[in-house]
1. Restricting to region 116-167, name every residue that is surrounded by 10 or more Cβ atoms within 10 Å (Cβ to Cβ) and outside any helix (DSSP H, G or I).
2. Can we say residue 39 is modelled with pLDDT of 85 or more, part of a helix (DSSP H, G or I) and surrounded by 10 or more Cβ atoms within 10 Å (Cβ to Cβ)?
3. What are the residue pairs meeting all of these: first residue in region 20-45, first residue touching a residue at least 60 places away in the same chain (Cβ under 8 Å), second residue surrounded by 10 or more Cβ atoms within 10 Å (Cβ to Cβ) and not in a helix (DSSP H, G or I), Cβ atoms under 7 Å, and 6 or more apart or on different chains?
4. Picking from 45, 56, 12, 4, which residue would you name as being part of a helix (DSSP H, G or I) and exposed (fewer than 10 other Cβ atoms within 10 Å of the Cβ)?
């Protein structure tokens, strides 16, 4: 009996296996799995080739960028050096202009002082002259009032000076 059950199971499993294998074979032929696998394999190969191309291009691009960056530090140093030189030149020019302006202010101050001094001197001279004239006038009036003969003599000299004038 055990043998019959085993025989039955073996036949049933064999029959199931044959059906399963037939279905797989039918699907393999109908779905054209070999062509699909070939096409998928070609696509994968294309993707790998594209990836290699992109990788190569990326590496070349990276190399170009690295070369540019290598010179970037030198360019930055050069720009900084030029900027420092320009700043020094501008600073020197500002200092020179400031010194010239200070010198001009000093010279103008001296001229203003000289002008004010001259104005003050002229004012003092005018006041001194007026005071001298006033003192001389008072002195003359006093002399004339004390000495009548001197008064008459000056009148005579004035008349003679008028007579000498030709009209």
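1. 147
2. In short, no.
3. none
4. 4
The values are calculated or read from the model by the stated rules, or taken from the named source; none is laboratory data. Just so we're clear, the structure is a prediction, and the values are computed from it rather than from any experiment. In this analysis, Cβ positions are derived from the backbone assuming ideal geometry, glycine residues included, and neighbour counts consider all displayed protein chains.
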